[in-house]
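See structure below.
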Amino acid sequence: MKICFVSNLYPPNVVGGAEFYVEKVVKKLAENQQNKIIVITANQKFSWRPKIEEKNNLKIYRLWPLNLYSLTTKKKYPIFLKMLWHLIDLWHPLVYFSIKKILKKEKPDFVHTHNLAGFSFSVFSAVKKLGIKIIHTCHDYYLLCPYANLVCPLTGWRFRKLPPFFCRWYRKITRRILKNKVDLVLTPSKFVMETHLANGFFNNSQQHILPLGIERSNCNSSVSVHRPFKILCVSQLAKHKGVGTLIKAFTLMRNEQLSMINYQLTIVGDGSERKNLEKLAGDNKNIIFTGKLKSEELENKYQEADLVVVPSLAPETFSLVLFEAMSFGKPVIASHLGALAEYIKDNQNGFLFEPGNVDQLKKILEKVINDPDLIKKTGQNAFQFAQDFTFEKHWEKLGEIYKNY
């Protein structure tokens, strides 16, 4: 097979988990020397010509999508510049002609597109113009929302079923650009698929729900409770992740039973909201910020934790953190929203609370901390549930899809 992957970022340029996922699939395919793999991604440095990297049966094209700034920039830009950036990004003629030229030369059997923010939806037009089939994976909601997560300042950082006027206008444009261009769409959860279909996307495409997969942990199904009781949160420190809700709930836990228990909250991750969250935590010595950790260090944190919290204000498309925690036998408290509500069975393999509801989260934390048997029961259920969501099983299903194309 000769497959072309198009992704806005590709390692070493990374912002989120989608880039690592694409790299993982590419490397898996490249193990078979009969496969020819092409990756087209955005170069984060200015260059008129594509930068080409070749190694065995893998070729990577890095293009500069001429725009106001790159995705990996750390600088904060004013709102009018961001709006102009998104306007340019909707349909970029330079990206269109550059990708069309590469595809004419490489002649892949099909193209698999991933996140395209910063790379333009003109990618779909270029591929379809050449009559090449397109598989598209929705890792986020960028087709529906410029923020890619369905929450923003206009929604008060809360998920609203009726989007703001600007978002409705944005969706009309993206819907028109994508019309009848995607042959097969893959989503990691039912919620993501239904949300796109409800907004008029992919109604004429083949549809397949394909959950992502995690590496199988070395943990067994035995679950223990530690003292001090350790709560873990692994998250990008951004407003839509709701970490502030968790900090507020944690600092409010003040009943007589809990006064006899030493407990702590560890927050792993970094982002634009870190300073604000540290300020919110104040001088509470039981709240620890670690920043980003290497995979080995993160694995240790999962093993040490008694409980993991995913307090998102935005609907997650899948949440690798959820399944990583479950694979270590850890019960998860998560927002009743998006894929989290789809994969967590309340009081069976985890617990659900209303997004942003500090008091409800506080009560669940107190309930769980005071009931070791409940932790062990839900932890064991979580461990068993996670066994069906390994990368190996994901790869088997994806491989079958590729064979059919």
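FYI, it's all coordinate maths here, none of it is from the lab. Nothing here was measured: the structure is a model prediction, and the numbers come from that model. All Cβ positions, even for glycine, are placed from backbone atoms using ideal geometry, and neighbour counts span all protein chains on display.
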*Mind pulling the angle between the C-alpha long axis of helix 295-304 and the longest principal axis of the chain? Nearest 10 degrees, somewhere in 0 to 90.*
30
*With charges set only on the Cβ (+1 for Lys and Arg, -1 for Asp and Glu), what does the dipole of the chain come to about its Cα centre, in debye to the nearest 20?*
1900
*asked:* With a 10 Å cut-off between alpha carbons and a GNM built on the chain, which of 118, 156, 242 moves the most?
replied: 156
*Evaluate the charge dipole of the range 315-387 about its Cα centre and quote only its size in Debye, nearest 20, assuming +1 on the Cβ of each Lys and Arg and -1 on the Cβ of each Asp and Glu.*
200
*Among 264-272, 312-320, 143-151, how do they line up from the highest to the lowest mean number of other beta-carbon atoms within 10 Å?*
312-320, 143-151, 264-272
*Could you list which residues have their amide H under 5 Å from that of residue 216, counting only those 5 or more apart in sequence or on another chain, with H placed in the peptide plane?*
391
_Bridge type composition, the chain - antiparallel percent by DSSP, nearest 5_ = 10
*Does a label point 7 Å from the Cα of residue 403, set along Cα-to-beta-carbon, have any residues of the range 94-134 with amide nitrogen under 18 Å, and which are they?*
110
_Most positive-pole-ward Cα, 314, 405, 195, against dipole of the chain from beta carbon charges_ = 405
*asked:* Using Cα springs under 10 Å in a Gaussian network model of the chain, which residue among 357, 32, 286 shows the largest mean-square fluctuation?
replied: 32
*Have a look at 170, 352, 271 and report the one farthest towards the positive end of the charge dipole of the chain, computed about the Cα centre with Cβ charges (Lys/Arg +1, Asp/Glu -1).*
170
*Computed helical MRE - 222 nm, the chain, DSSP H runs ≥ 4 contributing -39500 (n - 2.57), nearest 500*: -11500 deg cm²/dmol
*How high is the relative contact order of the range 229-386, given as a whole-number percent (alpha carbon pairs under 8 Å, six or more residues apart)?*
26
*Going toward the positive end of the dipole of the chain, with +1 on Lys and Arg Cβ and -1 on Asp and Glu Cβ, which of 12, 81, 390 do you reach last?*
81
_Cross-link pairs beyond the 27 Å C-alpha cut-off, checked among 82/397; 36/241; 101/133_ = 82/397; 36/241
_Just to confirm a number: summing +1 for Lys and Arg and -1 for Asp and Glu over residues other than residue 136 whose beta-carbon lies under 10 angstrom from that of residue 136, what do you get?_
0
*When volume of the Cα convex hull per residue in Å³ is calculated directly from the model, which label among [x] 135; [y] 148; [z] 156 fits?*
[x]
*Kindly write out, for the range 98-113 in residue order, the coupling ³J(HN,Hα) from the Karplus curve 6.51 cos²θ - 1.76 cosθ + 1.60 (θ = phi - 60°), rounded to whole Hz, with x marking Gly and Pro.*
5, 5, 4, 5, 5, 5, 4, 6, 7, 6, x, 5, 7, 10, 10, 9
*Could you check the simple spin-label distance between residue 32 and residue 161, using points 7 Å along Cα→Cβ, in nm with one decimal?*
4.4
_Taking 0.36 nm per residue of sequence separation and subtracting the Cα-Cα distance, how much length would be gained by fully extending the chain between residue 384 and residue 227, in nm to one decimal?_
54.0 nm
_If packing is taken as the average number of other Cβ atoms within 10 Å across a peptide's residues, how do 377-383, 97-103 rank, most packed first?_
377-383, 97-103
_Calculate the FRET efficiency for residue 54 and residue 133 from the Cβ-Cβ distance with a Förster distance of 25 Å, rounded to the nearest 0.05._
0.50
_Near-label residues of the range 310-325 by backbone N, under 19 Å of a point 7 Å along Cα→Cβ of residue 288_ = 310, 325
*Going by how many other Cβ atoms sit within 10 Å of their own, how do 138, 167 line up, fewest first?*
167, 138
*Relative to the Cα centre, what is the charge dipole magnitude of the range 88-216, using +1 at the beta carbon of each Lys and Arg, -1 at the beta carbon of each Asp and Glu, and rounding to the nearest 20 debye?*
460
*Burial ordering of 85, 169, fewest other beta-carbon atoms within 10 Å first*: 169, 85
